[in-house]
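Enquirer: Pasting a structure here, questions to come.
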Amino acid sequence: MSEKNSLKEIGKLFLKLGVIGFGGPAAHIAMMRQEVVIKKQWLTEQHFLDLIGATSLIPVPNSTEMAIHIGRERGGVKGLIIAGVCFILPAVLITGVFAYFYKEYGQQPEAQAFLYGIKPAIIAIILAAIYPLAKKSVKTKELALIGILTLVLSLLKINEIYLLFGAGLVALLYSKIKSPQTFNIIPLTLFQVTKTTIVTATNWNLFLIFLKIGAILYGSGYVLFAFLDTELVSTGIISRAILVDAIAIGQFTPGPVFSSVTFIGYQINGFVGAAIATIAIFIPSFLFVALLNPLVKKLRASPSISIFLDAVNVASVAIIVAICWQMGSDSILDWRTLLIAITSVIVTFGFPKVNSAFIVIYGALAGYLLLFMG
């Protein structure tokens, strides 16, 4: 097959996956496996599993990174760019449309009634998403303790960036004390983070915020909202209500959950803000895969990086739980929102295959009906 046809085939596949990719990163990766391993046989099962393992070694959203990795394997640097852009674009465009209508009509009483019910439903979606992550990530008693400590510190408003990297460093130090011979020094300059106090919402500041988040975000995509809470809500740039609504839009649309930043950027600075936020947060995805793809096998073999990431994963789950607690205090205001939250939890945990978009729709309809008919 010619390079042109190969790139065209990559573009068609990931554009399709970007349109139909509901259900979060796990669902996206399952769809990719069905297409590139089973149907098209672009990759072997083992190589596909190797790429999945690689997604946990560097920041950026897992399903987006998988799309870029596959594009890189199939079509080189051009394939890398085409796969990533085609996978991201549908979600960004759909989210942009929602962002426009939200800004124009979101304050209308009818719209507020729908949003009233969506917010408690979102908490159930997030809890259901992180529950299997929590079970998988808490591998030892030491990791459980790190998770509990991170949860407490997060509730005390300690910066999430420091908590994530602090958890990794604590795990490394404990490993050195326990088994010095298995400890290899990580070049920690790769993980250094500087705290930036954002006091204005200029486009340059927005670019820096989203670029930093995209460059250092490990773990589930839901950790994104913890970072946004710190960088945007705590600094007064947006309200937590807008953040929760952005999560809802991210659940309701296909593709990567990172497209929620398109919605947030639009609320802050219109079309330009949406474009800047989107470009900034996805730039690291392309750069990291392009630079580190050849080093994947060496990184996976590093005991130190493995220890570091185990702790980061546990900490990320704890931070999400803390954010859910804060969202609950803001969203569960009366018996109606409590009822929506409880029934949403029952459905998401009792019927895990139900698409999260349906939970969002349920929350919206239940909120509207309970307010206007109850």
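The values are calculated or read from the model by the stated rules, or taken from the named source; none is laboratory data. Here the structure is a predicted model, which means the values were calculated and not measured. So basically every Cβ, Gly included, is an ideal-geometry build from the backbone, and we count neighbours across all protein chains shown. What goes into the accessible areas is simple: the full protein's heavy atoms, side chains included, and nothing from ligands, DNA or RNA. Shrake-Rupley method; radii C 1.70, N 1.55, O 1.52, S 1.80 Å.
Enquirer: Counting only protein heavy atoms and using a 1.4 Å probe, what share of the accessible area of the chain belongs to carbon plus sulfur, as a whole percent? Can you show the working numbers first?
Expert: Details: 11890 of 17320 Å².
Here carbon and sulfur together make up 69 percent of the probe-accessible area.
Enquirer: Using the Karplus equation 6.51 cos²θ - 1.76 cosθ + 1.60 (θ = phi - 60°), what ³J(HN,Hα) coupling, rounded to whole Hz, does each residue of segment 307-317 give in order, writing x for Gly and Pro?
Expert: 4, 4, 6, 4, 5, 4, 4, 5, 4, 5, 5
Enquirer: Calculate one ³J(HN,Hα) per residue across segment 77-84 by plugging θ = phi - 60° into the Karplus curve 6.51 cos²θ - 1.76 cosθ + 1.60, and present them in order as whole Hz with x for glycine and proline.
Expert: Working through the residues one at a time gives 5, 4, x, 4, 5, 5, 4, x Hz.
Enquirer: To continue, here is another question. Return the inverse of the average 1/r over all pairs of distinct C-alpha atoms in the chain, which is the Kirkwood hydrodynamic radius, in Å to one decimal. Could you put the intermediate results ahead of the total?
Expert: Working: mean 1/r = 0.0472 Å⁻¹.
Over the chain, the inverse of the mean reciprocal pair distance is 21.2 Å.
Enquirer: From the gyration tensor of the Cα coordinates in segment 307-368, what semi-axes in whole Å does the equivalent ellipsoid have, largest first, with each one equal to sqrt(5λ)?
Expert: Numbers: eigenvalues 143, 52, 15 Å².
That gives 27, 16, 9 Å for the three semi-axes.
Enquirer: Quick one: Debye curve from the C-alpha atoms of segment 206-280, no solvent, what's log10 I(q)/I(0) at q = 0.22, 0.25 Å⁻¹?
Expert: -0.98, -1.31
Enquirer: Under 8 Å for C-alpha pairs, at least 6 residues apart: give me the relative contact order for segment 215-336, rounded to a whole percent.
Expert: 29
Enquirer: Excluding VAL314 itself, what net charge comes from residues whose Cβ is under 12 Å from its Cβ, given Lys and Arg +1 and Asp and Glu -1? Intermediate results must be reported in sequence, preceding the final value.
Expert: On the way: positive: LYS135, LYS136, LYS139, LYS141; negative: GLU142, ASP310.
Here the count lands on +2.
Enquirer: Under 5 Å between amide hydrogens, which residues at least 5 positions from VAL60 or on another chain qualify, with H placed 1.01 Å from N in the peptide plane?
Expert: Answer set, sorted by chain and number: LEU217.
Enquirer: Here's another thing I want to ask about it. Restricting the calculation to Cα positions, tell me the Rg (one decimal) and the Dmax (whole number) of segment 244-287 in Å.
Expert: 10.2, 30
Enquirer: To continue, here is another question. Amide H neighbours of GLY255 under 5 Å, counting only residues 5+ apart in sequence or on other chains, H built in-plane at 1.01 Å?
Expert: GLY21, PHE22
Enquirer: Find the Rg to Rh ratio for segment 252-371, where Rh is the Kirkwood radius over alpha-carbon pairs and Rg uses the same atoms.
Expert: Values: Rg = 19.3 Å, Rh = 18.1 Å.
Rounded to two decimals, Rg/Rh equals 1.07.
Enquirer: Residue by residue, what Karplus-based ³J(HN,Hα) values in Hz, rounded to whole numbers, does segment 115-130 have, using 6.51, -1.76 and 1.60 with θ = phi - 60° and x for Gly and Pro?
Expert: 5, 4, x, 5, 4, x, 5, 4, 4, 5, 4, 5, 4, 5, 6, 8
Enquirer: Please label the shape of segment 63-160 as rounded, prolate or oblate, based on the square roots a ≥ b ≥ c of the eigenvalues of the alpha-carbon gyration tensor (a/c under 1.5 means rounded; beyond that, a/b larger than b/c means prolate, else oblate). Before the final figure, lay out the partial values.
Expert: Working: a/c = 2.62, a/b = 1.04, b/c = 2.53.
Since a/c reaches 1.5 but b/c is at least a/b, the shape of segment 63-160 is classed as oblate.
Enquirer: Moving on to the next point. Considering only protein heavy atoms, what per residue accessible area in square angstrom results for the chain with a 1.4 angstrom probe? Don't jump to the answer; show the numbers that get you there.
Expert: Numbers: 17320 Å² over 374 residues.
Ligands and nucleic acids excluded, the result is 46 Å² per residue.
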